Structures are given as C-alpha cells and as structure tokens.
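**Q** The structure under discussion is supplied below as structure tokens; questions concerning it will follow.
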Amino acid sequence: MSDAPKAKKQIIPTKHPMPAQDPVERARNFNEVALGYDEATAIAEAKRCLQCKNEPCRQGCPVEVYIPQFIKLLAEGDFAGAIAKIKEKNALPAVCGRVCPQENQCEKYCTLGKKHEPVAIGRLERFCADWELKHGVKIPEVAPPTGFKVAVIGSGPAGLTCAADLAKLGHKVTVYEALHVAGGVLMYGIPEFRLPKAVVQAEVENLKKLGVEIEVNSVVGKFATVDELIEEHGYDAVFIGTGAGLPYFMNIPGENSCGVYSANEFLTRTNLMKAYKFPEWDTPIKIGKKVAVLGGGNVAMDAARTALRLGAEESWIVYRRSEKELPARHEEVEHAHEEGVKFALLTNPTRIIADENGWVKAMECLRYELGEPDASGRRSPVPIPGSEFIMEVDTVVVAIGQGPNPLVPRTTKGLELGKKGNIAADPATGATSKPGVYAGGDVVTGAATVILAMGAGKTGAKSIHEYLMAKKG
C-alpha cells in the first residue's frame with residue numbers, strides 16, 4: 001500500500017458561464033435568453049462539487065432535492081440517473097432550473113461558495129431536465145390506487161406539485177384550472193424568453209402520464225364551490241393553490257387613464273395570449289414609444305424587458321430605492337441592463353397625466369433619498385421636498401405586487417382568512433380551518449417564488465395523504 005498523500009482536488013473558483021443570446025439581438029425577440037450548458041460543460045461544472053457529507057446545499061431547497069447525489073451522477077456522465085434522482089423530489093425540474101432564485105437558496109449554502117463561486121446547481125438541474133425532455137421522459141412508478149379522490153384548485157407550481165405527489169401515492173387527482181391552459185403563473189406571468197411555454201407544457205404532460213386529470217376553463221367558486229366539490233362531486237380532500245392573481249395599484253391620480261396596465265394584464269396578454277405574435281394571434285396589445293414600469297421585482301424586470309421586445313423605443317424601471325435595494329434577482333437586473341432597459345431610481349410617481357382623449361402622456365414624479373433601514377432591513381426611501389419633475393411616457397405598467405385571488409376564499413364557508421384575504425393555513429401541514437381542505441403557495445403567503453409554492457404543494461400532498469390514510473383506518 002502506498003503511503004503517498006492523497007492528491008488534493010483542484011478547485012475551479014468560478015462557475016462555468018451560461019451561454020446566452022447576444023443582448024442586442026435578444027432585446028427584440030422572444031426566444032430564450034439563456035441557452036443552457038452542453039454535456040461537456042455540465043460535467044465540468046458538476047465536478048466542481050465538493051460532495052460534502054453534511055449536504056449543506058439541501059437545507060436551502062424547499063422541495064428537498066438530493067443535490068449532491070444528482071450532481072455526482074451528472075459528473076459521472078449518468079444523465080438518466082441524475083434526472084431520476086432530481087425527480088424523486090421535484091416534479092418540475094425544467095421550470096425550477098430556469099426560474100428559481102438559487103442564489104438565495106441551495107447555492108447560498110454551498111461550501112464552495114464560502115471562498116469561491118458556488119456550484120451552479122440551478123444550471124445543472126436545467127441541463128438534466130432538458131436532456132430528459134430531448135431523450136425521452138421516464139415516468140416514475142405510481143402506487144396502487146387508494147380509492148380516494150382529491151381535487152386540486154389551480155394549476156400553478158403549488159397545485160401541479162401537490163397533484164404529482166398525490167398521484168404517485170396512488171390517489172385519483174383532478175386539477176381545476178380557471179384559464180384555458182394549465183400552468184398558472186408559469187404560463188401567464190413569466191415571459192417566453194425566460195421560461196418557454198413548450199417547456200411548461202412538457203412538464204404538464206408528464207403529470208398527465210402519472211394519471212393526473214386536468215380540467216381547464218373550470219372556475220371553482222362559479223361552477224362549484226369547495227363544499228360542493230366534497231359534498232356533490234365526491235372528493236375526499238381538496239388542495240387550494242389559486243395563487244396571487246389580484247394586482248395591487250399605486251392609488252394615485254390618473255391611474256385609470258388609458259395606457260395604464262397592471263403587470264398581470266400586460267404579461268398575460270403577451271405571454272399566455274401571444275400578443276407578441278399579433279396579427280398571427282388575435283390578441284393585440286398597445287405599446288407606446290416610452291414605457292415606464294413601476295416596481296423593482298422580477299415581475300417589473302419581466303415587464304420592462306417585454307416592453308422592449310414589443311417595440312418600445314425606451315423602457316424604464318421606476319423604483320423608489322437604489323439599485324442595491326432592488327428585490328429582483330441579480331441575473332434579471334443584469335440582463336435588463338444589457339438589453340437597454342433604463343433605470344429611474346430613487347424615484348416615485350405621484351400622479352399620471354393624460355391627454356384630452358384620456359391617454360397617458362406623462363407622469364409627475366418625486367425624487368427620494370435613502371433613510372434608515374425599515375422592518376425588511378432595506379433602507380427606507382424618504383421623499384425630497386420640492387423635487388417634483390415630469391417624466392414623459394405613453395405607457396405605464398404597475399408592477400408593485402399582487403395579492404391572493406379572492407374567489408375561492410370568498411365562496412368557501414368556514415374558511416379562515418388573514419387580514420389581506422389570504423387563506424390561513426398551518427405552514428407545517430397546509431391544513432386550513434376546514435377539515436379535509438388544505439392550501440399552499442401564494443394564496444396563503446402572498447406573492448413569493450415558484451419554488452416556495454412548490455414546497456407548499458409538497459407539504460400539502462404529504463398532509464392530505466396522511467389525512468386520507470387515517471380515514472381509511
């Protein structure tokens with residue numbers, strides 16, 4: 001036996017760059033910006049993983065993906081094994097690999113990231129999912145039928161995740177979707193250039209292969225209430241995952257002028273209803289020469305970048321804090337800058353000015369400076385007296401957040417709600433005040449991330465299964 005010391009692993013300090021479209025070209029098309037790793041790059045990036053025994057990265061994953069294990073398989077070139085390992089926990093890997101804020105989750109806890117850049121866990125997940133979509137999807141085994149029926153309301157990330165987990169456990173699951181296509185916010189809220197709709201629909205089709213039934217154009221609260229689903233349609237349990245589809249507005253003078261959109265409408269018309277393909281599709285959208293997007297989150301970045309692609313000459317982010325306080329992902333802000341989005345920071349509108357026909361022609365704005373940190377830890381914006389100025393714009397998109405969709409909560413008797421109309425649910429189980437009714441995702445928490453909604457869907461599925469098995473005795 002050799003007494004020679006074991007060779008120390010050579011550390012590559014930085015992530016392998018993500019190939020992307022040229023910024024000038026992509027700012028005028030809706031094709032996906034990030035192009036994904038090829039096989040050689042994915043393997044090389046996977047080999048950066050230290051394979052820590054205590055798996056710190058997993059504590060940052062709301063759906064508990066076996067991260068070191070799938071990366072090890074990927075590093076060995078076993079792509080089929082890697083995606084199978086991911087899908088033991090994650091029903092939507094092609095989605096998560098694209099839109100999850102990994103920098104604040106799994107990658108935040110990566111040991112390598114303490115001295116260098118963390119392993120590009122999200123990019124590797126995307127690679128594995130895309131490899132499977134290209135080479136053929138293997139459907140996981142499903143447990144024998146339990147005889148129980150579960151209704152899932154909403155086909156966004158929480159609902160789809162809950163449905164997938166329940167189907168794998170042997171329950172008969174029907175998902176009710178209000179719109180004409182499944183996917184929820186993944187379809188209407190996230191632009192094609194960030195999350196191609198074909199990818200979302202491929203993930204939806206995989207769920208159908210597990211036995212999940214999806215009923216579109218089905219508005220629960222209209223065709224049936226939650227109580228009627230249980231009492232008349234024979235469901236043994238219900239999961240509510242209707243999301244946060246109620247837009248917030250500034251409540252400033254002139255906000256009802258023509259040319260003012262909520263981000264929800266602006267992105268839904270563009271993404272789900274294919275306004276960007278008009279006249280090939282029958283959904284036009286009016287876009288001015290100069291667009292102002294109010295807000296600083298991911299939705300605001302999506303709207304500002306979409307405006308450029310729709311033909312705006314200028315697209316502005318108007319945000320009352322500095323760039324350091326922007327809540328959007330760094331990658332999205334960086335992409336916005338590269339594509340030519342302009343930033344009016346430490347600025348807030350006080351009124352919207354319309355012309356004689358009621359169309360937006362300008363905004364009156366006030367300049368701000370940063371004061372002391374608020375409850376969230378960000379420095380509070382303080383208005384500067386006398387700093388008013390006029391900003392000429394002809395389209396305004398309000399992207400300051402959204403609240404829970406109110407229809408299902410309002411039509412469900414005995415369902416306890418929070419102050420903002422969100423459903424009160426136990427964060428550990430998803431249980432609501434009604435026996436057999438569970439809820440999760442944005443309808444409970446308010447607008448959050450895709451992966452947190454998925455985590456809530458998994459929690460709900462586990463609790464519903466335990467509830468049903470207890471009924472079975």
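The values are calculated or read from the model by the stated rules, or taken from the named source; none is laboratory data. Small disclaimer: the values here were computed from a predicted structure and weren't measured. Positions of Cβ are backbone-derived with ideal geometry, glycine not excepted, and every protein chain shown enters the neighbour counts. We work out accessible area using only protein heavy atoms, side chains counted, and drop any ligands, DNA or RNA first. Shrake-Rupley method; radii C 1.70, N 1.55, O 1.52, S 1.80 Å.
Listed here are the residues, each with its yes/no results for (1) closer than 20 Å to residue 257 by Cβ; (2) of a type outside the set (Ser, Thr, Tyr); (3) in contact (Cβ under 8 Å) with a residue 40 or more places away in the chain.
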residue	(1), (2), (3)
310	yes, yes, yes
323	no, yes, no
330	no, yes, yes
340	no, yes, yes
346	no, yes, no
349	yes, yes, yes
358	yes, yes, yes
361	yes, yes, no
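**Q** Residue 325 - would you say it is of a type in the set (Asp, Glu), under 27 Å from residue 108 (Cα atoms) and either open to solvent by less than 50 Å² (accessible area, probe 1.4 Å) or in contact with a Leu (Cβ under 6 Å, 6 or more places away or on another chain) (or both)?
**A** Yes; evaluated as a whole, the condition is true for this residue.
**Q** What residue, of 311, 296, is open to solvent by 30 Å² or more (accessible area, probe 1.4 Å), among the small types (Gly, Ala, Ser), more than 12 Å from residue 393 (Cβ to Cβ) and not in a helix (DSSP H, G or I)?
**A** 311
**Q** Residue 130 fails exactly one of the following numbered conditions: (1) open to solvent by less than 40 Å² (accessible area, probe 1.4 Å); (2) in contact (Cβ under 8 Å) with a residue 24 or more places away in the chain; (3) in a helix (DSSP H, G or I). What is the number of that condition?
**A** It is condition (1) that residue 130 fails.
**Q** Here is a list of conditions, (1) open to solvent by 50 Å² or more (accessible area, probe 1.4 Å); (2) more than 30 Å from residue 346 (Cα to Cα); (3) among the polar types (S, T, N, Q), and residue 445 meets all of them except one; can you say which number that is?
**A** All conditions pass for residue 445, except number (2).
**Q** Let me ask something additional. Say we look at region 387-412 and pick out the residues that are part of a loop (DSSP other than H, G, I, E, B), modelled with pLDDT under 95 and not polar (S, T, N, Q); which of these is surrounded by the most Cβ atoms within 10 Å (Cβ to Cβ)?
**A** 404
**Q** Of all residues in region 23-33, count the ones that are out of contact with any His (no Cβ under 9 Å at 6 or more places or on another chain) and surrounded by 14 or more Cβ atoms within 10 Å (Cβ to Cβ).
**A** 3
**Q** Specify the residue that is surrounded by the most Cβ atoms within 10 Å (Cβ to Cβ); the eligible residues are those in region 229-246 that are among the acidic types (Asp, Glu) and touching a strand residue (DSSP E or B) at 6+ places or on another chain (Cβ under 9 Å).
**A** Step by step, filter region 229-246, then rank; the result is 236.
**Q** Contact list please: Cβ distance under 6 Å, first residue in region 270-281 and surrounded by fewer than 17 Cβ atoms within 10 Å (Cβ to Cβ), second residue basic (Lys, Arg) and part of a loop (DSSP other than H, G, I, E, B), pairs at least six apart or on different chains.
**A** Qualifying pairs under 6 Å: 281/274.
**Q** Inspect region 184-195 for any residue being closer than 16 Å to residue 93 by Cβ, without any contact (Cβ under 8 Å) to a residue 24 or more places away in the chain and either of a type outside the set (Lys, Arg) or assigned to a loop (DSSP other than H, G, I, E, B) (or both) and give the result as yes or no.
**A** no
**Q** Give me the pairs, please: first residue somewhere in region 202-225 and open to solvent by less than 20 Å² (accessible area, probe 1.4 Å), second residue anywhere and basic (Lys, Arg), beta-carbon distance under 8 Å, and either six or more positions apart or on two chains.
**A** Close Cβ pairs satisfying both conditions: 221/410.
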